[in-house]
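Quick notes on the structure that follows.
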Amino acid sequence: MPEELEASLHSFCRRPRTVGSSRGGLSERWSATQGSMPILFSFGRSGTSITLAILACCGAMQAQTLARPGWAGSGMTSSTWWRHAVIYRADPRGFGGLHGLAVHMDSIHSIGVDAVMLTGLGEDAAQALDPAAGTMDDLDEVVRRSSESNVRVMIELGHGADAAARARLWLAHGAAGFYVPGANAVEIAEIRRIAGSFAGQRVVMGDVEMAASARGAEAPQLIADGRAGTQEKLTAAAVRAGLEGVQSMEDGGGPVPVLFSDGPSLKRSMSRYGDGTHDVEIAKAVAAMLMTTRAGAMLFYGQELGLTDGVKEISFAAAKKGEAPAAGSVAAGEASSQSLLNWYRQLSALTHSNRTISSGAMTMLDHDDQNVLAWVRRPQAASLATPAIVVVENLSGQPVTVSLKEDMQRLHLKGSFLRTVLRSDSGMGAMHLEGMTLAPYQVFIGELRY
């Protein structure tokens with residue numbers, strides 16, 4: 001980079017500026033001590049090296065910008081936000097671009113997520129952000145609106161030569177961390193080092209392939225794990241094996257696993273597992289599997305609405321007078337207390353409010369012969385005040401009656417029935433351990449009582 005250009009950039013990046021939203025008419029002044037936003041200079045493809053140098057220069061020199069002063073992990077609080085987080089992976093195009101995502105942030109927040117992970121922002125070396133996704137002002141507005149609700153913004157970062165410069169840029173714009181799919185241990189270590197140079201708990205997520213060797217300050221804090229949620233068929237045996245892998249990872253004390261079933265390169269779980277009759281019930285079973293284990297959970301946009309393959313954009317359109325809301329729309333999810341959207345909200349509220357669900361030990365139960373998936377979540381000391389919690393899922397298209405009495409005896413847990421905590425159907429009442437009958441694909445979550 002020419003010396004005069006470097007000097008002028010150094011001066012520019014340190015200068016207080018006012019950043020305004022071109023659409024919302026909102027502005028926010030950033031002082032030299034609070035943080036300054038880097039400007040992307042466009043030199044075309046022939047100026048790639050200059051562009052990346054500018055991004056690295058601005059990211060390194062400017063004061064660090066947090067998503068929100070006082071957010072958990074800002075350095076002002078000590079709680080770790082990412083240990084049992086619900087992360088919402090969103091392609092801005094599914095909301096009409098970053099501006100649309102910012103406008104609809106309240107809808108995302110209502111699910112009860114801890115972070116929004118932006119995917120599909122582009123990896124063109126000549127520009128930081130794909131224009132089809134939006135502008136840098138739009139991204140800043142996403143960070144601003146999400147931070148008002150204590151929701152962090154993460155970025156899906158392509159690995160390779162440009163990753164370090166991009167990481168500094170996004171961190172300077174308030175990113176709480178990154179998912180770097182496909183990255184190796186050396187690349188993850190570099191991104192982790194860069195993230196660690198910014199104040200607050202910035203987090204890095206890698207893939208499950210590196211979980212066995214990931215330890216120490218250079219390892220990712222999170223591991224994306226699709227072993228349980230991306231099986232070709234939704235069977236108790238296949239899912240149980242995946243969850244036992246998660247359990248082993250948790251017991252090993254390494255990075256925190258984050259379960260997922262859907263993503264940009266995957267067939268949507270609603271299309272993969274749906275049978276045309278019990279689609280919503282099946283989707284609820286997948287949701288409970290993702291959100292009631294010791295791991296974190298990563299949802300893909302529209303998953304909470306039951307979007308199927310081929311549907312690329314979420315519908316926020318209100319129903320016309322006298323007509324039912326369009327299937328798969330936010331309005332349809334809001335209209336029914338038994339909707340998939342409200343089920344996700346209930347699960348998120350449970351995982352954030354119940355300590356046994358968020359941090360209790362987990363023991364898988366083997367009822368593969370009935371295609372029933374079940375596990376126990378136990379507090380450090382089970383008692384009447386803090387009972388164990390049992391999650392049971394019928395993964396078959398037929399009603400099934402299962403007994404968990406011997407399982408509880410083997411685990412030395414006292415109890416004769418499960419008092420309802422949450423159930424995916426509209427039924428009422430407790431379930432007795434000696435014989436509980438579950439409807440096709442029903443989920444039952446109960447406290448062990450006696």
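Bear in mind that the values in this text are calculations on the coordinates, not laboratory data. Small disclaimer: the values here were computed from a predicted structure and weren't measured. Heads up, the Cβs are rebuilt from the backbone with ideal geometry, glycines too, and the neighbour counts pull from every protein chain shown.
Relative contact order of the stretch 86-358: what whole-number percent is it, with Cα pairs under 8 angstrom and at least 6 residues apart?
Reported relative contact order: 16 percent.
Checking the cross-link filter: which lysines have an alpha carbon closer than 25 Å to that of Lys414, excluding same-chain neighbours under 8 positions apart?
Within reach: Lys405.
Note down, for the stretch 247-356, the three equivalent ellipsoid semi-axes (square root of 5 times each alpha carbon gyration tensor eigenvalue), biggest first, whole angstrom.
Each semi-axis is √(5λ); the values are 28, 16, 12 Å.
Ratio to report: Rg/Rh of the stretch 86-358, with Cα atoms as the point set and Rh obtained by the Kirkwood method; give two decimals.
Radius of gyration relative to Kirkwood radius: 0.95.
When ranked by the protection proxy of mean other Cβ atoms within 10 Å per residue, highest first, what sequence do the peptides 115-121, 328-334, 270-276, 407-413 form?
Top of the packing list down: 115-121, 328-334, 270-276, 407-413.
Quick check: residue separation of Lys312 and Ser403 times 0.36 nm, minus the Cα distance between them. What number comes out in nm?
28.5 nm
For the peptides 313-324, 193-204, what is the packing order when you average, over each peptide's residues, the other Cβ atoms within 10 Å and list the highest mean first?
193-204, 313-324
Per the Kirkwood definition applied to all pairs of different Cα atoms, how many angstroms is the hydrodynamic radius of the stretch 360-449?
Working: mean 1/r = 0.0770 Å⁻¹.
Here the Kirkwood hydrodynamic radius works out to 13.0 Å.
Give the lysines whose C-alpha is closer than 27 Å to that of Lys267, dropping any in the same chain fewer than 8 places away, or say none.
Once the sequence-local lysines are set aside, what remains near Lys267 is Lys233, Lys284, Lys312.
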